[in-house]
Ligand SMILES: [Zn+2]
Ligand SMILES: [Zn+2]
């Protein structure tokens, strides 16, 4: 994906909609798989030697729920705001900022694949959940409590009591 621009054009804005396959973007993250195209929606304003880009990235990833271990689709939407400076004397002092990029002064485009890939990876949840109220798996029998109930939940096991019952049982 890239943003093309004409250095000599008058200042103005344009909207840019692009989409790319996860394969082409080389999207890859541990525990995630990507099957949906990655959509980028940007409004690009040219002001002098800068392109002010604002918009978002949308896609979806297949993740494993950290509670019930089910594979589910996690929608991903993240802001994509950055500035590209294509002037011959870019403001070097600003290049430390995450969202400020200096374009090749001889190019008439700016490649955003790396940026988009990074934004998608950063948007992945640290603790994936298939739903906010996922009940998870029963720690005793492993039943998926979203799908069915199991008897262990109902009797409210106190581990200390269980141990004592075991001891008494051995003696009788
Ligand atoms: Zn879950
Ligand atoms: Zn159970």
Q.
Anything in region 61-80 that is closer than 28 Å to residue 137 by Cα and assigned to a strand (DSSP E or B)? List them, or say none.
A. 61, 62, 63, 64, 71, 72, 73, 74, 75, 76
Q. Does region 68-89 contain at least one residue that is more than 23 Å from residue 45 (Cβ to Cβ), in the same structural domain as residue 37 (by TED's automatic domain parsing), within 16 Å of ligand 2 (Cβ to nearest atom) and in contact with a strand residue (DSSP E or B) (Cβ under 9 Å, 6 or more places away or on another chain)?
A. yes
Q) Can you tell me which of 46, 58 is surrounded by 15 or more Cβ atoms within 10 Å (Cβ to Cβ), over 19 Å from residue 25 (Cβ atoms), in contact with a strand residue (DSSP E or B) (Cβ under 7 Å, 6 or more places away or on another chain) and in the same structural domain as residue 14 (by TED's automatic domain parsing)? A) 46
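Could you check how many residues of region 18-34 are surrounded by fewer than 15 Cβ atoms within 10 Å (Cβ to Cβ) and in contact with a helix residue (DSSP H, G or I) (Cβ under 7 Å, 6 or more places away or on another chain)?
So the answer is 2.
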(Q) Quick check on residue 117: is it within 16 Å of ligand 2 (Cβ to nearest atom) and either buried (at least 16 other Cβ atoms within 10 Å of the Cβ) or modelled with pLDDT under 95 (or both)? (A) no
Q | Odd one out for residue 58 among (1) part of a strand (DSSP E or B); (2) touching a residue at least 24 places away in the same chain (Cβ under 8 Å) | A | (2)
Q: Within region 91-105, identify whether any single residue is exposed (fewer than 14 other Cβ atoms within 10 Å of the Cβ) and touching a residue at least 24 places away in the same chain (Cβ under 8 Å), and answer yes or no.
A: no
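The values are calculated or read from the model by the stated rules, or taken from the named source; none is laboratory data. On a predicted model such as this, the values are computed, not experimentally measured, just so you know. As a convention, Cβ positions derive from the backbone with ideal geometry for all residues, glycine included, and neighbour counts pool all protein chains shown.
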